[in-house]
Structures are given as C-alpha cells and as structure tokens.
Amino acid sequence: MLKINVTAVGKIKDSYIKDGILEFKKRLQKFSNFSIIELQEESENRGIESAVNTESKRILESIEGKNYYNILLDLDGIAVSSPAMAQKIMEISNFNSKVNFIIGGSNGVNNDVRNAADFRLSFSKLTFPHQLMRLILIEQIYRWISINNNIKYHK
C-alpha cells in the first residue's frame, strides 16, 4: 500500500478547512497509508529570511533519511493536469512506495528544500490562502488516487 505524507508548515485554524481535510483523509485511508505532519511555523520577529531558513531546516530534518519521493509545492514548479499527475503518482509507486508532499511556510522555502525535492509541482501562479492550499492538495491527492483506481470521483 502506498504511504503518502503531507508535510506542512503551520497549523490549520479554520474548522471548515479541518472538516474538509478530515473527509478526504478518511477517503484516502482506503487506498493508502495517509498522514499529515505539521511543522511549527516560525515567527517573523527576526526577519522573513530567518523564518524561512528555520522552517526550511525543520522540513529537511523531517524528510532526512526516510527514503520518500519528495514533491514540493512550488510556484516555480511544473504545472500538470490531474490525469498527468495521477500518471506520475502511478509511475512513482513503481519504484517507491512512499511519497511526501511538502508545503512550506507562507513565505516559502529556501533553495536547500528546493534542491532536496525530487519534483517541484505548481498548482497555479495564483496565490491561495496557506491553510486552503493544504485542503486543495489533499483533495487533489484523492482525485489522483481515484483516477488510478477508476473511481467515478474524477469527471
């Protein structure tokens, strides 16, 4: 069974987003070992660059040595369709049974995290609320799994 993690900086505060995430997490449990790893968001008191570097270090520590295929959500990443991403997930699962999606902090990640990623995925050039992006990602993961398992969800 495919192991899927979402590693994200920050906590979800809004209950409607939590509810959506819980619903898709429940659906995903039938097809994968799915989990969410929340990392502490850093205060910007010492500057944005310092916050980004501290959060990036936490991300790297959380993925180090775990043999995951790491997919970073990145504005400068590659934009693909849902069917193309479903195909990519299927191809990844042929050589790695563990996939980790990374959502950096609201100020992004540093180049160390970008370089550690196996694939950089862009959802859009648009800016989304950080909490909402986690829900969108998890919905898309379910969509990709649905496509790969011929479930009618994807239309």
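Since every read-out is calculated from the coordinates, none of them should be taken as a lab result. Note that the structure is a prediction, hence the values are computed from the model and not measured. For neighbour counting, all protein chains shown are included, and Cβ atoms are generated from backbone atoms with ideal geometry for every residue, glycine included.
Here are the numbers for the structure shown:
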item: Gaussian network model of the chain, springs between alpha carbon atoms under 10 Å - residue of Phe34, Phe101, Phe128 with greatest fluctuation; result: Phe128
item: Size of electric dipole in the chain: Cβ of Lys, Arg +1 and of Asp, Glu -1, about Cα centre, debye, nearest 20; result: 720
item: Net charge contributed by nearby residues that have their C-beta within less than 11 Å of Ile48 (K/R +1, D/E -1); result: -3
item: Which of Val9, Val99 has the fewest Cβ neighbours within 10 Å, and the rest in rising order; result: Val99, Val9
item: Estimated distance in nm for a label pair at Ile37 and Asp118, the labels positioned 7 Å out from Cα along Cα-to-Cβ; result: 1.4
item: Structure-based [θ]222 nm, the chain - -39500 (n - 2.57) summed over DSSP H runs of at least 4, per residue, nearest 500; result: -14500 deg cm²/dmol
item: For q = 0.09, 0.11 Å⁻¹, Debye-computed log10 I/I(0) when each Cα of the chain counts as one equal scatterer; result: -0.27, -0.41
item: Positive minus negative residues near Asn100 (Lys, Arg vs Asp, Glu; Cβ under 12 Å); result: +1
item: Peptide ranges 104-112, 19-27 listed from the most packed, as the mean C-beta count within 10 angstrom indicates; result: 104-112, 19-27
item: Under 30 Å from the Cα of Lys13 - lysines, other chains or at least 8 residues apart; result: Lys3, Lys25, Lys26, Lys30, Lys57, Lys66, Lys98, Lys125
item: Max mean-square fluctuation residue, GNM over the chain, Cα-Cα springs under 10 Å, options Tyr68, Tyr142, Tyr16; result: Tyr16
item: For the chain, built as a Gaussian network whose Cα springs stay under 10 Å, the top-fluctuating residue of Asn115, Asn45, Asn100; result: Asn45
item: Nonlocal amide H pairs with Tyr69, under 5 Å, H built at 1.01 Å; result: Lys98, Val99, Asn100
item: Built amide H within the under 5 Å cut-off of Ile37, gap 5+; result: Val6, Thr7, Ala8
